[in-house]
Amino acid sequence: MNKIFNLTSTFKSHTEDDGSIMIRGMASTADFDRAGDSISADAWTKGGLHNFEKNPIILFNHDYNRPIGRATGLKSTENGLELTAKISKAAADVAELVKDGVLGAFSVGFRVKDADYIEETDGLRIKDAELFEVSVVSVPCNQAATFSLAKSFDSDAEYEAFKKTFTNRVDLAGQSLAKNENTSSNIASYHTPKSAERISADQDIKIDNQNIDLDA
């Protein structure tokens, strides 16, 4: 659950009058990737953007020592997470590569906070995610966003183990539900005599109250 995933997608850019570069694109969409995983459009609406918004620095290649700009717009829409950023003219080398079309993608680093296992796709639907950082990365712009959660793991076995944490949770939820239903039935069978005893006791108290000398 603490693993950081990197989601890469392409952006469009244009040059500002001051020599800086503006980039804009969808950091994530609700589409299913080829491993059957998906990020819900509202996954970013549950507080996962708050920390990043306090200091929305844009990095180069996920290098914390290479800040190159700031995010100027970050909005969760019905289509996914929309991102707008300004690449500073101080990062002239990166800005020139963006203008030349050599750099044309950004990558968001995030953590999965909550997800549901989807049996039909054998994947995960991410319901809650926390954004850590955004980078312009060395991915040619002609490579479409084909991100898969599975790519973030060192092996298929590691990815399957991660999925099982959510698969098992679904199974346990079913067992808990069945257990609760059985427990409810048992509780119902025991409630009747106890309720009858309680009512009987109340009646006895009321009868006794009639014999009490209130003046005394």
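The values are calculated or read from the model by the stated rules, or taken from the named source; none is laboratory data. All of these numbers come straight from a predicted model, not from anything done at the bench. Note: ideal-geometry Cβ built from the backbone for every residue, glycine included; neighbour counts use all protein chains shown. Note: areas computed on protein heavy atoms with side chains; ligands, DNA, RNA excluded. Shrake-Rupley method; radii C 1.70, N 1.55, O 1.52, S 1.80 Å.
Quick notes on this one:
- Residue satisfying all of: in the range 10-37; basic (K, R) and assigned to a strand (DSSP E or B); least open to solvent (accessible area, probe 1.4 Å) among these: R24
- Flag set for E158, criterion: out of contact with any Lys or Arg (no Cβ under 6 Å at 6 or more places or on another chain), modelled with pLDDT of 50 or more, of a type in the set (D, E) and not in a strand (DSSP E or B).
- Residue within the range 54-75 that is under 14 Å from the mean Cα position of the chain (by Cα) and touching a residue at least 24 places away in the same chain (Cβ under 8 Å) present: no
- Qualifying residue in the range 168-183 (condition: open to solvent by less than 60 Å² (accessible area, probe 1.4 Å), of a type outside the set (F, W, Y), touching a Phe, Trp or Tyr at 6+ places or on another chain (Cβ under 8 Å) and modelled with pLDDT of 55 or more): no
- Within the range 16-29, residues that are over 17 Å from S135 (Cα atoms) sit with their Cβ atoms under 7 Å from residues that are basic (K, R) and surrounded by fewer than 18 Cβ atoms within 10 Å (Cβ to Cβ), at 6+ positions apart or across chains, in these pairs: D18/K89; G19/K89.
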